[in-house]
Structure formats: structure tokens, C-alpha cells
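To keep things clear, I will list the structure first and then write my remarks on it.
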There are 2 protein chains.
Amino acid sequence: MKFGINLFPTVGPADKPAGEYFDEALRLAELADELGFHHVKTVEHYFHEYGGYSPDPVTFLAAAAARTSRVRLVTGAVLPAFTHPVKLAGKLAMLDNIAKGRLDVGFGRAFLPDEFTAFQVPLDESRARFDEGVEAIRRLWAEEDVRWDGTFHQFGPVTLLPRTWQRPHPRILVATAKTPASAEAAGRNGYGVMLVPSINPREAVQQTLELYRDAAAEVGFKPTEEDVHMSYGAYLAEDGEEAREQGRLANERANRSLASAVSAWRETRSADYPGYEKIVEKAGRGDFGKSVAERKALVGSPEQVRAAIEDIRGWYGDFTISLQVVSGNTTFEEAARTIRLFAEHVLPHYATND
Amino acid sequence: MKFGINLFPTVGPADKPAGEYFDEALRLAELADELGFHHVKTVEHYFHEYGGYSPDPVTFLAAAAARTSRVRLVTGAVLPAFTHPVKLAGKLAMLDNIAKGRLDVGFGRAFLPDEFTAFQVPLDESRARFDEGVEAIRRLWAEEDVRWDGTFHQFGPVTLLPRTWQRPHPRILVATAKTPASAEAAGRNGYGVMLVPSINPREAVQQTLELYRDAAAEVGFKPTEEDVHMSYGAYLAEDGEEAREQGRLANERANRSLASAVSAWRETRSADYPGYEKIVEKAGRGDFGKSVAERKALVGSPEQVRAAIEDIRGWYGDFTISLQVVSGNTTFEEAARTIRLFAEHVLPHYATND
């Protein structure tokens with residue numbers, strides 16, 4: 001098992017001005033680096049409290065790279081649908097060099113209708129744009145004199161600068177929330193996956209992982225624990241009861257930000273997103289206690305959290321966990337406490353973590 | 001007068017791998033911060049040695065912001081023609097917060113045909129896309145619930161997150177290489193300007209500045225010395241003769257990279273770029289000695305450079321100079337020497353520089 005930190009902002013200007021958020025987020029990244037965590041991850045979203053402080057994860061991760069020396073930087077995820085492949089490949093290549101090869105790139109399809117509307121990208125083009133974007137970017141990284149004649153972009157021959165530090169390219173991870181076929185395709189392509197256990201039953205995650213690992217095996221690709229990422233809301237305190245109380249409050253605030261961000265699904269349907277209208281029904285109505293009991297969130301004393309991780313590991317095998325430590329308007333002190341307690345009491349039990 | 005450092009890469013993988021370039025560039029940014037320079041600036045270009053290591057200046061400046069505490073970060077420039085305004089406004093707002101208000105934003109029209117071709121943007125739309133992009137971004141920064149119904153983009157109402165640290169928005173500078181009307185428009189809009197003295201006669205720069213200052217005065221806008229930026233190739237050594245010899249070599253290498261980047265102008269004409277085909281004739285054929293004598297480059301001993309600056313100041317008044325210290329394949333040691341000598345012998349004479 002590997003353990004990293006997911007800095008997914010779910011606050012707005014009224015709760016925490018952005019200058020304060022980024023100052024704290026950078027300090028948490030430094031703490032993660034110092035205490036031996038595997039990675040720092042952040043997201044791409046727009047306009048809403050739900051991730052909206054991070055419209056460009058590369059910008060934050062470049063700052064985090066400059067402040068750290070060991071921890072990996074992970075996009076969780078960047079969205080090719082909204083950025084030209086030359087632009088996205090180029091800035092990720094810069095980051096890979098600034099970080100001296102510490103970059104892993106998660107790509108996502110995006111799922112918030114308001115974002116697609118603002119960028120004037122039809123939701124129904126989501127999958128096609130994703131597939132084209134990832135493949136164009138992979139080729140820009142791996143090859144010279146690239147000619148691209150796609151549905152959405154045509155260019156070349158061009159040779160991307162700078163060349164990536166990691167050759168032929170940084171690890172690629174594909175985010176898949178609800179679509180097992182995406183995980184299967186990722187396995188066939190030799191990519192990693194980012195799954196979302198918080199909104200899927202355990203059995204669904206297991207089936208998706210099986211599809212992924214089978215597809216990988218068929219092409220001779222052997223995914224490591226670093227090829228499977230999952231994020232978990234995390235709140236640790238010495239006293240398990242306090243952790244559950246405070247974690248519940250943070251979770252409720254984060255849920256409200258999600259509910260607001262997905263509200264456009266009330267009036268939206270897309271063949272590329274079957275069943276997403278149900279997200280809006282569920283958002284903001286999560287049963288926190290059930291979530292913790294089902295190991296969909298890592299909340300409690302260090303011992304309780306370690307027991308939860310052992311359950312999860314039993315279900316899914318070894319993989320990489322990202323601890324979401326800043327849900328809702330969590331204070332810096334609370335997030336830092338979660339990170340410190342985890343580093344002190346949980347990390348040492350996983351010797352492969354470096 | 002204010003003095004900053006322009007890190008404009010003009011190298012490729014064969015001369016200097018990108019990891020080495022960025023490591024050095026960050027160390028130079030730290031040195032500039034430590035020695036009291038006003039800013040660190042970088043450019044946006046693609047594919048060619050001429051700037052191609054910097055397809056996203058925001059990525060580098062975010063790393064530089066995280067390593068520094070006093071120096072300002074300046075895009076010189078970002079290119080709205082190639083990036084969606086929501087995307088560009090968003091990442092610049094992140095940078096402004098990460099830098100705690102140390103951001104100044106230079107916008108440029110771009111001028112390399114190969115870049116327009118790759119992004120499938122017609123050169124003849126350059127001015128219209130620039131004007132629309134800058135205004136859309138300014139409104140996304142300054143206002144909430146922005147509705148944009150432009151020629152190239154339509155969106156809203158949306159409220160950009162994060163909000164910028166500097167309110168209503170960071171200083172805006174408009175890059176203008178050859179088009180006095182752009183400087184005039186900048187003055188009317190309350191924006192600063194970035195001029196290019198290396199490719200214009202002194203009288204042309206003076207006329208452009210006069211147009212700019214008159215237009216600003218007409219609308220009651222009083223530009224400060226920080227509203228006028230110009231970059232100068234800079235090479236300092238204790239021994240003036242050595243500086244000229246080494247500076248000449250660096251300049252020749254940088255000229256070759258420019259010549260290669262502009263070669264597409266041989267076959268390109270655009271109403272938005274009158275006379276640009278002449279760039280290709282001139283590129284790579286600069287007379288270095290004449291350039292230094294005409295104060296179009298700051299090369300020599302600290303005393304010689306100081307004398308040149310006094311001449312320039314006499315022609316243009318007080319403004320902000322960016323020293324280009326990494327032309328061609330300059331070593332870190334040479335660039336650091338230029339910065340140190342300038343800080344020791346020139347900066348102290350300009351007390352307003354902080």
C-alpha cells in the first residue's frame with residue numbers, strides 16, 4: 001500500500017479566502033513530503049465550492065513541486081475536454097521537469113454540466129474528446145514530429161517542448177467514477193486507474209478492478225500498486241469519537257458543495273453519462289455513519305483507521321490511497337493533525353511506503 | 001527605474017535538458033529575490049528553441065512564487081489567442097493567490113505562424129481574439145456572475161474561482177512589438193505596456209511611449225514606472241571586453257533560435273501583422289556591436305551598463321527593465337554573475353527599487 005494526500009478544496013471565498021487556502025495547502029504538501037507520504041494530489045474544477053479553487057491543478061502542483069523534494073505530484077485529474085492537447089501536454093511536461101520526474105498524470109472526463117456549458121463542449125462528446133485528448137498527449141510526450149489528425153484537433157508535424165523528464169512519458173492514470181468499461185480500456189492501454197469508492201458499492205469496485213487487471217494481463221501489462229488510486233475522506237484524532245464528530249461536520253460541508261455543483265444534472269441527460277441524474281438525488285444525503293462503517297471514509301482514531309485499511313486491502317489488494325484531508329472548511333490544524341497521526345501510527349505498518 | 005530578470009529560454013534538448021534548465025531558472029529566480037530585484041518574468045512559446053521550453057509561463061511562475069517571497073512574478077507574456085479565457089483567468093488567479101499578490105500579467109498577441117497553425121487559429125483573428133480574451137479575463141477577475149457573449153466565446157453567468165488576491169485584478173500589461181496603436185489602446189484602457197526596444201529605433205519607442213502616455217492622460221490614468229516594461233539582453237562581467245565577447249556568443253545562439261522560429265514568415269502574410277515578413281530577413285543578422293552601442297542590449301562591465309541605463313532613462317523616462325540573462329545556452333554561472341554584478345554595482349544607484 002502507498003498513501004498520499006488529496007488536497008481537494010471544497011470551500012469558497014466566504015469560508016476561506018483563496019490566499020489562505022493555498023498557503024495552507026502548500027504547508028500541508030510540505031508536511032506530506034517531510035513525513036514520507038507517497039504523493040500530493042489535486043483536482044480540476046470550476047465555479048463551485050466543489051473544487052472550484054483549483055481550475056488548473058498544474059499551477060498548484062508546480063508550486064508544491066518547488067517546495068518539496070520526495071513526494072510525487074499527481075493530477076487527480078486534469079480534464080482534456082477543456083484544454084488543447086498541445087497546451088495540456090506542454091504544461092505537464094514543464095511540471096515533470098520542475099519536479100524532476102515526480103509527476104503522475106491522472107486524466108478525467110469531467111462530469112459537471114456547468115463546466116461543459118461554460119467551455120461550450122457538448123456532454124455527449126465527453127468520451128470522444130477524452131480518448132482523443134489522452135492519446136494526442138501521450139504521443140506528444142513520447143514521439144517527435146507528431147502529426148495529429150483527430151476529430152477535434154489537427155496539428156503537426158510538431159515536436160513538443162520541453163521533452164518530459166520521465167521517458168517515454170509520466171505514468172498515466174484514468175479516472176473512472178461509474179464506468180467499468182473505462183477501467184477495462186485503461187488496462188488494455190497500459191494505464192493506471194483512479195476509482196471512486198465513496199460512491200460505489202464494494203462489489204462494484206471489486207468487479208471494476210477485476211476487469212482492469214484482466215484487461216491488463218491480456219496485453220502483458222502488470223499494474224503495480226501505484227497504478228490503482230482511490231481517494232478516501234480522512235479525519236483522524238487521538239480520540240475516535242472526536243474524529244467522528246468533527247469528520248461528520250466536515251463531510252456535511254463538503255456534501256453541500258457537491259450538491260450545489262451537481263445541481264445542473266436535474267435538467268441534464270447525456271448518453272455519455274448514463275444515470276448521472278441520480279447523482280443529484282444522492283448528493284448531500286450521504287449517511288456519514290454508514291459510510292465510515294462501510295470503509296468508504298477513513299475516520300476515527302489511528303487504530304480504527306488502520307483496521308479499516310486492512311479491511312479495504314483485503315477487498316482490493318495493494319493499491320494507492322489518497323487521503324482527502326481538507327473536506328469542507330477544515331482548519332489547517334485539523335488537516336495537519338490527520339496527516340501527522342496517520343504518519344506516526346499507520347504509515348510504519350506499510351514498509352513498502354517510501 | 002525598476003529592474004527584474006527575464007528568463008526567456010532559447011535552448012533545446014541537445015544543448016540543455018529541460019530538467020537542468022528549470023533547476024537553473026528556479027535558482028536564478030531565488031537569487032533575484034534574495035538580491036532585491038523587482039520581478040522574474042517568463043514567456044509563452046511552443047515547439048522551437050526560441051521560448052519553446054515555456055509553453056505555459058504560469059507553471060514556471062507558480063514554482064518560482066513558491067521559492068520566493070519578495071520578487072514579483074510577471075508573464076511576459078501569456079497568449080489569450082491559444083487558451084480559453086476561463087482557463088487563463090483561473091490559473092492566473094491561482095498564481096496571484098499562491099504568490100500573495102505578487103503577480104503582474106502581461107498579455108501578448110503572439111506572432112509565430114507555426115503556433116497559430118498548431119492551434120488552428122487564423123493569424124487574421126489575432127487582434128480580435130486578443131481584445132476579446134483580455135477583456136473577458138479582466139471581467140472574470142473583477143466581476144461576479146459574468147455573462148460573456150463574444151465572437152469566439154460565449155459563457156455565463158459564471159463567477160470565477162478563485163477570486164484574485166489583488167482587487168479588482170492584478171496589473172495588466174499589453175505587449176506590443178511593432179504596433180503603436182496597441183500601446184495607445186493600452187493607455188486608454190488603464191493598462192501598462194511591454195515594448196521591445198531591441199527591434200525598434202529609439203525614436204519609434206519614444207513615439208510609442210508618447211502615444212501611450214497621452215492616451216492614458218486623456219482618461220485620467222497615471223502610469224507609474226511599473227506600467228512600462230522593456231526587456232534587454234544583458235551580459236555583465238567585471239571585464240567589459242570579456243562581457244562583450246561572451247555576450248556576443250550568447251546573442252548569436254539566441255538569434256539562431258529566433259531565425260528558426262520565425263522562418264514560417266517567409267510564406268506567411270496577415271493583415272493583422274503588417275510587415276512581419278521582414279522579421280525573417282532581419283532575424284539572425286543582428287549586428288551585436290551596433291546593438292550594444294545603440295543601447296539595445298546591456299552588455300559590458302557594471303560601469304558601462306550603468307552608463308547605458310542612464311542614456312536609456314534619458315530617452316524614455318523612468319520605467320521597468322527586464323534583464324534577459326539566459327540568451328542562448330548561457331551557463332548558470334554566467335547568468336548568476338550578471339545578476340550578482342548588476343545587484344552589487346547598479347541596483348544601489350536606483351533607490352526606488354525595492
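Conditions first: (1) part of a strand (DSSP E or B); (2) over 30 Å from A:Pro17 (Cβ atoms); (3) small (Gly, Ala, Ser). A:Ser322 passes all but one, so which condition is the exception?
That leaves (2) as the condition not met.
Taking the conditions exactly as written (within 9 Å of another protein chain (Cβ to nearest Cβ) and in a helix (DSSP H, G or I)), does A:Thr164 satisfy them or not?
no
Within the stretch A:295-322, how many residues turn out to be in contact with a Lys or Arg (Cβ under 8 Å, 6 or more places away or on another chain), polar (S, T, N, Q) and over 16 Å from A:Ile199 (Cβ atoms)?
Matching residues across the stretch A:295-322 total 1.
Here's a check for you: in the stretch B:112-130, which residue that is under 23 Å from B:Met230 (Cβ atoms) and more than 14 Å from every other protein chain (Cβ to nearest Cβ) is nearest to the chain's Cα centre (by Cα)?
Looking at residues that are under 23 Å from B:Met230 (Cβ atoms) and more than 14 Å from every other protein chain (Cβ to nearest Cβ), I get B:Phe130.
Select from the stretch B:274-288 the residues that are surrounded by 11 or more Cβ atoms within 10 Å (Cβ to Cβ) and of a type outside the set (Val, Ile, Thr) and list them in ascending order.
Applying the first criterion (surrounded by 11 or more Cβ atoms within 10 Å (Cβ to Cβ)) to the stretch B:274-288 yields B:274, B:276-284, B:286, B:288.
Matches in the stretch B:274-288: B:Pro274, B:Tyr276, B:Glu277, B:Lys278, B:Glu281, B:Lys282, B:Ala283, B:Gly284, B:Gly286, B:Phe288.
For B:Leu140, are the conditions met, namely being within 10 Å of another protein chain (Cβ to nearest Cβ) and in contact with a helix residue (DSSP H, G or I) (Cβ under 8 Å, 6 or more places away or on another chain)?
No.
Determine, yes or no, whether B:Thr159 is among the hydroxyl-bearing types (Ser, Thr, Tyr) and free of Cβ contacts under 8 Å to residues at least 12 places away in the same chain.
Spelling it out, it is not the case that B:Thr159 is among the hydroxyl-bearing types (Ser, Thr, Tyr) and free of Cβ contacts under 8 Å to residues at least 12 places away in the same chain.
Test B:Gly76 against the criterion of being farther than 18 Å from B:Ala335 by Cα, away from every other protein chain (no Cβ under 12 Å) and touching a residue at least 60 places away in the same chain (Cβ under 8 Å), and give yes or no.
Here the answer is yes, as B:Gly76 does meet what is asked.
Any residue at all in the stretch B:97-111 that's within 14 Å of chain A (Cβ to nearest Cβ), more than 19 Å from the chain's Cα centre (by Cα) and part of a helix (DSSP H, G or I)?
So far as the stretch B:97-111 goes, yes, one or more of its residues are within 14 Å of chain A (Cβ to nearest Cβ), more than 19 Å from the chain's Cα centre (by Cα) and part of a helix (DSSP H, G or I).
Any residue in the stretch A:251-262 that's more than 18 Å from A:Asp114 (Cβ to Cβ): show its pairings with residues that are assigned to a helix (DSSP H, G or I) and not hydrophobic (A, V, I, L, M, F, W, C) at Cβ separation under 8 Å, as long as the two are six or more apart or on different chains.
Close Cβ pairs satisfying both conditions: A:Asn251/A:Ser291.
Identify the residue in the stretch B:206-237 that is outside any strand (DSSP E or B) and among the small types (Gly, Ala, Ser) and, among all such residues, is nearest to B:Leu258 (Cα to Cα).
If we take residues in the stretch B:206-237 being outside any strand (DSSP E or B) and among the small types (Gly, Ala, Ser), then B:Ala237 is nearest to B:Leu258 (Cα to Cα).
State all residues of the stretch B:149-161 that are buried (at least 20 other Cβ atoms within 10 Å of the Cβ) and either more than 8 Å from chain A (Cβ to nearest Cβ) or within 19 Å of A:His84 (Cα to Cα) (or both); if no residue qualifies, say none.
Selection gives B:Phe155 alone.
Would the stretch B:250-271 turn up any residue that is among the hydrophobic types (A, V, I, L, M, F, W, C), surrounded by fewer than 20 Cβ atoms within 10 Å (Cβ to Cβ) and not in a helix (DSSP H, G or I)?
Checking the stretch B:250-271: at least one residue is among the hydrophobic types (A, V, I, L, M, F, W, C), surrounded by fewer than 20 Cβ atoms within 10 Å (Cβ to Cβ) and not in a helix (DSSP H, G or I).
Let's see how each residue does on (1) over 22 Å from B:Phe288 (Cα atoms); (2) among the β-branched types (Val, Ile, Thr); (3) out of contact with any Asp or Glu (no Cβ under 7 Å at 6 or more places or on another chain):
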position	(1), (2), (3)
B:Leu211	yes, no, no
B:Ala217	yes, no, yes
B:Thr224	yes, yes, yes
B:Glu238	no, no, yes
B:Ala243	no, no, yes
B:Leu249	no, no, yes
B:Glu252	no, no, yes
B:Arg256	no, no, yes
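Of all residues in the stretch B:167-188 being touching a Gly at 6+ places or on another chain (Cβ under 9 Å) and assigned to a loop (DSSP other than H, G, I, E, B), which is farthest from the other protein chains (Cβ to nearest Cβ)?
We begin by selecting, within the stretch B:167-188, every residue touching a Gly at 6+ places or on another chain (Cβ under 9 Å); these are B:170-178, B:186.
When the remaining residues are screened for being assigned to a loop (DSSP other than H, G, I, E, B), the result is B:170, B:177-178.
Working: B:Pro170: 13, B:Ala177: 22, B:Lys178: 26 Å.
Out of the qualifying residues, it is B:Lys178.
Check the stretch B:24-45 and report whether any residue there is aromatic (Phe, Trp, Tyr), closer than 22 Å to B:Ala183 by Cβ, in contact with a strand residue (DSSP E or B) (Cβ under 8 Å, 6 or more places away or on another chain) and more than 7 Å from chain A (Cβ to nearest Cβ).
Within the stretch B:24-45, none of the residues are aromatic (Phe, Trp, Tyr), closer than 22 Å to B:Ala183 by Cβ, in contact with a strand residue (DSSP E or B) (Cβ under 8 Å, 6 or more places away or on another chain) and more than 7 Å from chain A (Cβ to nearest Cβ).
Among the residues of the stretch B:61-71, are any more than 9 Å from chain A (Cβ to nearest Cβ), in contact (Cβ under 8 Å) with a residue 40 or more places away in the chain, in contact with a strand residue (DSSP E or B) (Cβ under 7 Å, 6 or more places away or on another chain) and not in a loop (DSSP other than H, G, I, E, B)?
no
Any chance you could count how many residues in the stretch B:96-130 are of a type in the set (Phe, Trp, Tyr), surrounded by fewer than 24 Cβ atoms within 10 Å (Cβ to Cβ) and in contact (Cβ under 8 Å) with a residue 40 or more places away in the chain?
2
Among the residues of the stretch A:83-96, which ones are of a type outside the set (Lys, Arg), in a helix (DSSP H, G or I) and within 8 Å of chain B (Cβ to nearest Cβ)?
A:Val86, A:Gly90, A:Ala93, A:Met94, A:Leu95
For the stretch A:222-274, how many residues meet the condition of being touching a helix residue (DSSP H, G or I) at 6+ places or on another chain (Cβ under 6 Å), under 24 Å from B:Leu160 (Cα atoms) and of a type in the set (Lys, Arg)?
Here the count works out to 1.
Read-outs: derived from the displayed coordinates by stated rules, not from any lab. Please read all numbers here as calculations on a predicted model, not as lab measurements. Cβ atoms come from the backbone with ideal geometry, glycine included; neighbour counts cover every protein chain shown.
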